[in-house]
Amino acid sequence: MGGTHHYSVQVTRHKPLSASAETFLAEPLSATLTTIRPDGSLHAAPVRFTWDGEAGLARVMTVGSSRKARNLAANPGSRVALCQVDGFRWITLEGTATVSNDSREVSDGVSRYTRRYQSPPPNPPERVVITIAVDSVMTLNT
């Protein structure tokens, strides 16, 4: 049968990330955002996001009525995990999250999203931005 594979998971608790991790986070891929429901169970949803390495912030555009936004509104400042995967490469960004409907913050989120994905996000009513203050990063093969 196959040989033994040894993988090294990197855990970083401070900035900056490696150049290869920053490059991976710039690729226009999707991720899974995991939040905690009010009953304590996990909710995982596919999302598109942006990464601001200088500020250590990830941003996700959504609507205030989404399950992920409601989970965060029910428990402000709760921890989340955002995991981007491509084959055998992955990176998980962990930190505390906030939800904002402030027009400047939402506009900034839209601008960053448009740069990353080369098209603007959907523009539904009640659009909000989830901002994650990343304090822990785990990577494999990035």
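The values are calculated or read from the model by the stated rules, or taken from the named source; none is laboratory data. These figures come from a predicted structure and were not determined experimentally. Every residue, glycine as well, gets a Cβ built from its backbone with ideal geometry; the counts of neighbours run over all protein chains shown. Note: areas computed on protein heavy atoms with side chains; ligands, DNA, RNA excluded. Shrake-Rupley method; radii C 1.70, N 1.55, O 1.52, S 1.80 Å.
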- the chain: relative contact order from alpha carbon pairs under 8 Å, six or more residues apart, as a whole percent, is 31
- Query: In deg cm²/dmol and to the nearest 500, what is the mean residue ellipticity at 222 nm of the chain if only DSSP H runs of at least 4 residues count, each as -39500 (n - 2.57), divided by the residue total?
  - Reply: -6500 deg cm²/dmol
- Item | Lys/Arg +1, Asp/Glu -1 at C-beta; the chain dipole; positive extreme among 19, 84, 142 | 84
- Item | Most fluctuating residue given options 45, 73, 21, as computed from a GNM of the chain linking Cα atoms under 10 Å | 45
- Longest exposed-loop-site-free stretch of the chain, with chymotrypsin sites (Phe, Trp or Tyr not before Pro), DSSP loop and at most 14 other Cβ within 10 Å? 8-87
- Task: Compute the Kirkwood hydrodynamic radius of the chain, taking the inverse of the mean of 1/r over all pairs of distinct Cα atoms, and give it in Å to one decimal.
- Result: 15.6
- Query: Carbon and sulfur atoms: what percent of the 1.4 Å accessible area of the chain do they account for?
  - Reply: 54
- Query: Roughly how many debye, to the nearest 20, is the charge dipole of the stretch 35-93 about its Cα centre, given +1 on each Lys and Arg Cβ, -1 on each Asp and Glu Cβ, and no other charges?
  - Reply: 220
